Amino acid sequence: MKHTISVLLQNKPGVLSRVTGLFSGRGFNIESLCVAETLETGTSCLTVVSKGDDAIIEQIMKQLHKLIDVIKVTDITEQEYVEREMVLIRVKAESHTRAEVLRIIDIFRGKVVDVSAKSYAIELTGSASKIKAVIDILRPIGIKEIVRTGIIAMPRASKNK
Amino acid sequence: MGKITGSQAIVRCLEEEGVKIIFGYPGGAVLDLFDAIDQSDFVNVLVRHEQGAVHAADGLARVTGEVGVAILTSGPGATNGVTGIATAYMDSIPLVVLTGQVPRPLIGNDAFQEVDIVGITRPCTKHNYLVSELDDLVPVIREAFHIARSGRPGPVLVDLPKDLVASMLTYPEKKPIEMVSYQPTYQPHSRQIAKACKLIMKAKRPVLYVGGGVILSDADKELTELARKLDIPVTMTLMGLGAFPGNHELSMGMLGMHGTYTANMAVSECDLLISVGARFDDRVTGKLDDFATKAKIIHIDIDPTSISKNVKVDIPIVADCKIALTAMNSWFDAESDFSLKEEAARHAPWFKLIREWTEKHPLSYEEAGDIIKPQYVIEQFDRLTGGNAIITTEVGQNQMWAAQFYKFNQPRHFVTSGGLGTMGFGLPAAIGAQMAFPDKTVIDIAGDGSIQMNIQELATAKQYNCPVKIAILNNSYLGMVRQWQELFYDKRYASTTMDVVPDFVDLAKAFGAVGLRATTKDEVIPVIKEALATDNVVVMDFKIEKEEGVYPMVPAGKANTEMLLV
Ligand SMILES: Cc1ncc(C[n+]2csc(CCOP(=O)(O)OP(=O)(O)O)c2C)c(N)n1
Ligand SMILES: [Mg+2]
C-alpha cells in the first residue's frame, strides 16, 4: 500500500542525501519526494510517498527517525489528511482542439500559464487522483511535456481545533 | 580569555572528553593538528596504515567502553579508514574519527588529496560532519562524542578543513548538549516490563538470547542476576560472548551458524525467547521462517529499528539493556507470587531435555594423533590463561574456533568483528586493547590469510611496547571459504590457497618480535607457555590440520535445526 510520510528535519547540509541514501541503501521505494523550509528557520518538512507492506513502512518510519537530523516522522496516511500535487502540462492545442482543451482545464480548475500557436502550458493542483484524471483525459489530445512537484500532505484538523 | 588555534581547541576538547590515547597517521591536511597533539599529554600512536588506526581505536573502545579516537589525513588517509569505520558501525562501537580536509576555498575543486569523506561514510557512520564554520568547531566535536557514546553507540566522523583548524578562536565554555532531534530512549515502559515478567513466570521452556547490547550497556551483572533468579538457560551471539559466564551451568554457549547443538535446538523448541541487546542477524536466525516458531518473543533493545526488523516480536521493549534488566529484577523481587523454587520445578523437564542435547552432541572435535587441531590450541589458551585473557580475532575459522572453545567469563574480553567480518581486524584491535590495559594478556587468534591483511602493525606493536601475542592457526588456506567450497562447491578450491606465504617466525624476527612455531601437538603447550612468559610481541605459528572444518554448521538459508555436525 502507498503511504505518505511527513518528516520534520533540521535543515543541515547533506540532510537530504541522508534521507535518500537511507531509501536506496535499504531498498525502500520512493514514489515522490518534496522538501522545503517550514516557518521555523532551520527546519524543513519533507514529504515522501512510498510503497510497502506494514512491516516495511514501520522500518521506514523507524529508520527515518533514527537519522540524527530528523525531528519527527508521521505517517499521514494513518489519519484523515489532505494531499495536493501541482503539475505543469504542455498540451497540444491546435485550431480544432484549442477550445476543447480550455473546457477540460476549466472543469478541473486549471489555469493557462503560457500560450503558443500550437500549445498551452497549464497549471493544475489537486489530489493524486485528480491529477491522474486530467492526464488521462489530455493524453489523447497530446501531452508534449509534463513536470510534477510530487505530493505534499497535511493531516486534517480534528473537529474541535 | 585569549585566542588559540583551531588545533589547540581540538586538543583541549579531546582532553575534556577524557581521551588519553589517540591512534593516527599524519599528512598535509592534519599537520597542524598533529603539531598541537605533539605538544599535549596524549599518547599518540603512529600506526602503519590508517585501517589499523581505526581498528586500534575500536579495540580500545571495546575493552574499555570509552570512545576510541583516530585521526587521519584527507584523501587516501580518510578512505583507508573506511573499512575500520564500517567495522565499528556494524558492531555499534563508539568512535570519533577526525579527518583532515582540504582548505574550505578548495572544497569541491578536485583539489590534491580531496575526497568527499562525509559523503563516502554517510551510510557507515552513526552521524558525520563537515565543519564549515569556525564557531562550530568545538560544539561539533562535543556533539560527536555525545552521539558516539549515547543511545546505540557508533562511530562519528568529523571532517576538518585545514584552514579552519589553523584559524584563531576563543575556546567556548562547555555547555550541556541539547539536541531536539536526538533523544535516545533509555527508560523502559513499566507496563511492558510487567507484561514481560508475567510472561516469563508462565514459561515452561524459556531461553535468554543475549547479544552485544548487553556488553555495550555494561549489563552483564543484571543479566546474570536475572538468569539465576529465574533459572533460565542462556545462549549468546558472537557479540554477546562474555555477557554471561561461559562456564556457568546455565550457559548453552553460542547460537547460530556455528552455534552449539544445544543452543540451536533450545531456541527452536523454547516457548519463550527473551532477546536482550541482540538483533536477529541472519547468521543467528538461519532460515527465518523456522526460527523460534514455538516461542513468544520478548525483545529488549535500545534501537527501535532492531525490533521487529527480521522477526515479529510479541513484547517490544525499547530501552537501555541495563535499565530494563534492573527493572525486571526489581519486579520479581517485589512479586510475592514468585519463587525460584517454583521456577526451577516448572523448568525441570526443560533442563532435562537441554542436558540430553548436550550429552548427545557436545561441542567437540576429533583427535588426530600428532597433528595439531585448532580447537585444541584454543582449549590450551583457555586453560593456560584461566579464561581471563583479552582475545581478539581475525575472521574465518580461527574466529569461530576462538568463539566456540575459549570460555569467556567476563564481558569486554572478546574483541571480534561480528557484523562486518573484517579480516585484518584482530592485530590492530589487539594493539588498541593492549594500549588500554598494558598489564593484561592480549591474544590475537589469527588465520594465515587474515594476519597478512594488517601485518604491518607488528611494527606499531613493537614501537609502543605492546606485548600482544599473535596465534596464527595456520592451515595454509583461506579456511572458512575453503570449507564452503568443500561443502557446496564439490571441493573446487578456487582462490583459497596461497602458494607464497611468509615464514611467520622469520617475519616476526624481522619486526623485532619473537617468532615461535608448533608443528606437532606436543609442541603446543610449550609454545603457548613460552609466549605468555615473553615480554615482547610474539607471533606463534601453529601448523594445524589443513582441512579441519568448523562444526556444528548451519548451511546458509537452512533452519538452525539442520546442523551439520562433527
Ligand atoms: C577483508 C575481507 N576480505 C574477504 C573476506 C572473506 N573471507 C571470510 S573468511 C576468509 C578466509 C580467512 O582465511 P584465514 O585468515 O586464513 O582464516 P581461516 O578461515 O583459515 O582460519 C575470507 C577470505 C573477509 N571476511 N574480509
Ligand atoms: Mg587459514
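Filter the stretch B:28-52 down to the residues that are in a loop (DSSP other than H, G, I, E, B), within 23 Å of B:ALA429 (Cβ to Cβ) and not charged (D, E, K, R) and list them by number.
Of everything in the stretch B:28-52, those that are in a loop (DSSP other than H, G, I, E, B), within 23 Å of B:ALA429 (Cβ to Cβ) and not charged (D, E, K, R) turn out to be B:PHE42, B:VAL47, B:HIS49.
I'd like to know if the stretch B:521-538 contains one or more residues that are among the small types (Gly, Ala, Ser) and within 16 Å of ligand 1 (Cβ to nearest atom).
Within the stretch B:521-538 (the criterion being among the small types (Gly, Ala, Ser) and within 16 Å of ligand 1 (Cβ to nearest atom)), the answer is no, since none of the residues qualifies.
With the condition kept exactly as written, say whether any residue in the stretch B:111-126 is away from chain A (no Cβ under 13 Å), surrounded by fewer than 22 Cβ atoms within 10 Å (Cβ to Cβ) and without any contact (Cβ under 8 Å) to a residue 24 or more places away in the chain.
Yes, the stretch B:111-126 contains at least one residue that is away from chain A (no Cβ under 13 Å), surrounded by fewer than 22 Cβ atoms within 10 Å (Cβ to Cβ) and without any contact (Cβ under 8 Å) to a residue 24 or more places away in the chain.
Regarding B:ILE120, is this residue in contact with a Cys (Cβ under 6 Å, 6 or more places away or on another chain), modelled with pLDDT of 95 or more and in the same structural domain as B:GLU50 (by TED's automatic domain parsing)?
Here the answer is no, as B:ILE120 does not meet what is asked.
Find the residue count for the stretch B:301-323, including only residues that are at pLDDT 95 or above, within 12 Å of chain A (Cβ to nearest Cβ) and open to solvent by 20 Å² or more (accessible area, probe 1.4 Å).
4
List the pairs whose first member sits in the stretch B:334-358 and is closer than 16 Å to B:LEU230 by Cβ, whose second member is at pLDDT 90 or above and open to solvent by 40 Å² or more (accessible area, probe 1.4 Å), and whose Cβ atoms are under 6 Å apart, counting only residues at least 6 apart or on separate chains?
B:ARG346/B:LYS204; B:TRP350/B:ARG205
For the stretch B:443-464, name all the residues that are outside any helix (DSSP H, G or I) and away from ligand 2 (no atom under 16 Å from the Cβ).
Listed by number, the residues that qualify are B:ILE443, B:GLN456, B:TYR464.
Hey, which of the strands (runs of 3 or more DSSP E) in the stretch A:56-133, taking only ones fully inside, have at least 3 residues that are within 14 Å of another protein chain (Cβ to nearest Cβ)?
In the stretch A:56-133, A:70-75 are the strands (runs of 3 or more DSSP E) which contain 3 or more residues that are within 14 Å of another protein chain (Cβ to nearest Cβ).
Can A:GLY27 be described as within 10 Å of chain B (Cβ to nearest Cβ) and either farther than 21 Å from B:ASP159 by Cα or modelled with pLDDT of 95 or more (or both)?
When the stated conditions are applied, A:GLY27 does not pass them.
Conditions first: (1) open to solvent by 10 Å² or more (accessible area, probe 1.4 Å); (2) within 15 Å of ligand 2 (Cβ to nearest atom); (3) not aromatic (Phe, Trp, Tyr). B:HIS361 passes all but one, so which condition is the exception?
Among (1) open to solvent by 10 Å² or more (accessible area, probe 1.4 Å); (2) within 15 Å of ligand 2 (Cβ to nearest atom); (3) not aromatic (Phe, Trp, Tyr), B:HIS361 violates only (2).
Would you mind stating whether B:GLY59 is of a type outside the set (A, V, I, L, M, F, W, C), in contact with an Asp or Glu (Cβ under 8 Å, 6 or more places away or on another chain) and open to solvent by less than 50 Å² (accessible area, probe 1.4 Å)?
no
With A:GLU83, A:GLU58, A:GLU40 as the choices, which residue is farther than 22 Å from B:LEU130 by Cα and either in contact (Cβ under 8 Å) with a residue 12 or more places away in the chain or open to solvent by less than 60 Å² (accessible area, probe 1.4 Å) (or both)?
Matching residue, one of A:GLU83, A:GLU58, A:GLU40: A:GLU83.
Looking at the stretch B:496-509, which of the residues that are within 13 Å of ligand 2 (Cβ to nearest atom) and not aliphatic (A, V, I, L, M) is farthest from B:GLU547 (Cα to Cα)?
Ranking the qualifying residues of the stretch B:496-509, first place goes to B:PHE504.
On the given criteria, is B:GLY419 within 16 Å of ligand 2 (Cβ to nearest atom), at pLDDT 95 or above, touching a helix residue (DSSP H, G or I) at 6+ places or on another chain (Cβ under 8 Å) and small (Gly, Ala, Ser)?
Criteria not met by B:GLY419.
If I go through the stretch B:405-423 residue by residue, how many of them are open to solvent by less than 20 Å² (accessible area, probe 1.4 Å), in contact with a Phe, Trp or Tyr (Cβ under 8 Å, 6 or more places away or on another chain) and more than 10 Å from ligand 1 (Cβ to nearest atom)?
The number of residues fulfilling the criteria is 3.
Using the structure shown, decide if B:GLU530 is more than 16 Å from ligand 2 (Cβ to nearest atom), without any contact (Cβ under 8 Å) to a residue 24 or more places away in the chain, touching a Leu at 6+ places or on another chain (Cβ under 9 Å) and closer than 30 Å to B:ASP439 by Cβ.
yes
State yes or no: is B:ILE431 within 16 Å of ligand 2 (Cβ to nearest atom) and either under 13 Å from the mean Cα position of the chain (by Cα) or in contact (Cβ under 8 Å) with a residue 40 or more places away in the chain (or both)?
It is false that B:ILE431 is within 16 Å of ligand 2 (Cβ to nearest atom) and either under 13 Å from the mean Cα position of the chain (by Cα) or in contact (Cβ under 8 Å) with a residue 40 or more places away in the chain (or both).
Can you tell me how many residues within the stretch B:436-455 are open to solvent by less than 10 Å² (accessible area, probe 1.4 Å) and either over 23 Å from B:ASN44 (Cα atoms) or near ligand 1 (Cβ under 7 Å from one of its atoms) (or both)?
Count: 7.
Criterion first (touching a residue at least 12 places away in the same chain (Cβ under 8 Å), open to solvent by less than 10 Å² (accessible area, probe 1.4 Å), within 16 Å of ligand 2 (Cβ to nearest atom) and of a type in the set (Val, Ile, Thr)) does B:ILE390 satisfy it?
It is false that B:ILE390 is touching a residue at least 12 places away in the same chain (Cβ under 8 Å), open to solvent by less than 10 Å² (accessible area, probe 1.4 Å), within 16 Å of ligand 2 (Cβ to nearest atom) and of a type in the set (Val, Ile, Thr).
Give B:SER217, B:SER150 a once-over and let me know the one that is surrounded by 16 or more Cβ atoms within 10 Å (Cβ to Cβ) and within 14 Å of chain A (Cβ to nearest Cβ).
B:SER150
Can you spot a residue in the stretch B:394-404 that is in contact with a His (Cβ under 6 Å, 6 or more places away or on another chain) and open to solvent by 10 Å² or more (accessible area, probe 1.4 Å)?
Checking the stretch B:394-404: at least one residue is in contact with a His (Cβ under 6 Å, 6 or more places away or on another chain) and open to solvent by 10 Å² or more (accessible area, probe 1.4 Å).
Given (1) away from ligand 1 (no atom under 16 Å from the Cβ); (2) in a helix (DSSP H, G or I); (3) crowded, with 24+ Cβ neighbours inside 10 Å, identify the lone condition not met by B:ARG383.
Of everything listed in (1) away from ligand 1 (no atom under 16 Å from the Cβ); (2) in a helix (DSSP H, G or I); (3) crowded, with 24+ Cβ neighbours inside 10 Å, B:ARG383 misses just condition (3).
Touching a residue at least 40 places away in the same chain (Cβ under 8 Å), open to solvent by 10 Å² or more (accessible area, probe 1.4 Å), more than 15 Å from ligand 2 (Cβ to nearest atom) and assigned to a loop (DSSP other than H, G, I, E, B): is that true of B:PRO467 in this structure?
yes
Is it the case that the stretch A:1-8 has a residue that's over 14 Å from the mean Cα position of the chain (by Cα), open to solvent by less than 70 Å² (accessible area, probe 1.4 Å) and more than 13 Å from chain B (Cβ to nearest Cβ)?
no
The values are calculated or read from the model by the stated rules, or taken from the named source; none is laboratory data. Keep in mind that this is a model prediction, so the values were computed, not measured. Reconstructed Cβ throughout: ideal geometry from the backbone, glycine too, with neighbour counts over all protein chains shown. Keep in mind that these areas ignore ligands, DNA and RNA; they rest on the heavy atoms of the full protein, side chains included. Shrake-Rupley method; radii C 1.70, N 1.55, O 1.52, S 1.80 Å.
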